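Student: Quick one: this structure, given as structure tokens, is what I'll be asking you about.
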């Protein structure tokens, strides 16, 4: 079943993240070291830590067995013979990790201004017709997360142009116009943050709030495996 873990990083003790950082993959550390904003660095650290925490605590994995690979469009996957997929996103005070036994995509964004000069590059012509009647920052941000969750579900990210596909809202929620396999979920996380998930799994999606103490305890549970 599709499953989303989320964590609020607003009160994170930056000093305590050092030992968590030491538990991460070399690739992740290199990415973190290139980030300039502290909130982005925290989100990046907590993201992979959430993946490792979930696999160790709930799937019985050894930390040394957690390895990552990427597809041709750079979407990360677990090196595993099990049908286990994950996807990460972070923005503002939130870090989210989506899980499924098949492809899944997730995106979270803080409310953003509407870039009217770039709208044709971001939306399909049929979407623009709808958007012209709802030119609000909230609607734009929600729609952005829906579209990016689909791009990540497809495993392509921004290699798939935003205006190359079309989302439509119906009685059963949002759907991709030519891809009836997928299902979208969305929710507002706080006054300015929107979360969207895209999956081909038709089962009910579940949400779980993760305690930051769990993530901070990652070095200890890894140490217990030695």
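The values are calculated or read from the model by the stated rules, or taken from the named source; none is laboratory data. Owing to the predicted nature of the structure, the values given are computational and were not obtained by experimental measurement. Cβ placement follows ideal geometry from the backbone for every residue including glycine, while neighbour counts extend to all protein chains displayed.
Student: Taking residue 159 as meeting all but one of (1) more than 24 Å from residue 55 (Cβ to Cβ); (2) in contact (Cβ under 8 Å) with a residue 60 or more places away in the chain; (3) more than 17 Å from the chain's Cα centre (by Cα), write down the number of the exception.
Tutor: It fails just one condition, (3).
Student: Kindly establish whether residue 173 is farther than 30 Å from residue 19 by Cα and exposed (fewer than 14 other Cβ atoms within 10 Å of the Cβ).
Tutor: yes
Student: Considering only residues of region 16-57 that are part of a loop (DSSP other than H, G, I, E, B) and in contact (Cβ under 8 Å) with a residue 12 or more places away in the chain, which is surrounded by the fewest Cβ atoms within 10 Å (Cβ to Cβ)?
Tutor: 22
Student: Could you count how many residues in region 175-206 are within 20 Å of residue 140 (Cα to Cα) and under 18 Å from the mean Cα position of the chain (by Cα)?
Tutor: Counting residues in region 175-206 that are within 20 Å of residue 140 (Cα to Cα) and under 18 Å from the mean Cα position of the chain (by Cα) gives 15.
Student: Do any strands (runs of 3 or more DSSP E) lying entirely in region 104-202 carry at least 3 residues that are within 22 Å of residue 4 (Cα to Cα), and which ones are they?
Tutor: Hits in region 104-202: 104-110, 173-176, 183-188, 193-199.
Rundown of residues vs (1) within 30 Å of residue 15 (Cα to Cα); (2) surrounded by 12 or more Cβ atoms within 10 Å (Cβ to Cβ); (3) at pLDDT below 95, yes/no style:
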residue: 137; (1), (2), (3): no, yes, yes
residue: 147; (1), (2), (3): no, yes, no
residue: 156; (1), (2), (3): no, yes, no
residue: 160; (1), (2), (3): no, yes, no
residue: 168; (1), (2), (3): no, yes, yes
residue: 181; (1), (2), (3): no, yes, yes
residue: 185; (1), (2), (3): no, yes, no
residue: 193; (1), (2), (3): yes, yes, no
residue: 213; (1), (2), (3): yes, no, yes
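Student: A further question follows. In region 78-103, which residue that is outside any loop (DSSP other than H, G, I, E, B) and more than 22 Å from residue 176 (Cβ to Cβ) is farthest from the chain's Cα centre (by Cα)?
Tutor: Filtering region 78-103 for residues that are outside any loop (DSSP other than H, G, I, E, B) and more than 22 Å from residue 176 (Cβ to Cβ), the one farthest from the chain's Cα centre (by Cα) comes out as 78.
Student: Quick one: residue 192 ticks every box in (1) closer than 20 Å to residue 44 by Cβ; (2) touching a strand residue (DSSP E or B) at 6+ places or on another chain (Cβ under 7 Å) except a single one, so which number is it?
Tutor: Result: residue 192 fails condition (1) only.
Student: Please go through region 1-15 and pick out each residue that is under 18 Å from residue 37 (Cβ atoms) and in a loop (DSSP other than H, G, I, E, B).
Tutor: Those that are under 18 Å from residue 37 (Cβ atoms) and in a loop (DSSP other than H, G, I, E, B): 9, 10, 11, 12, 13.
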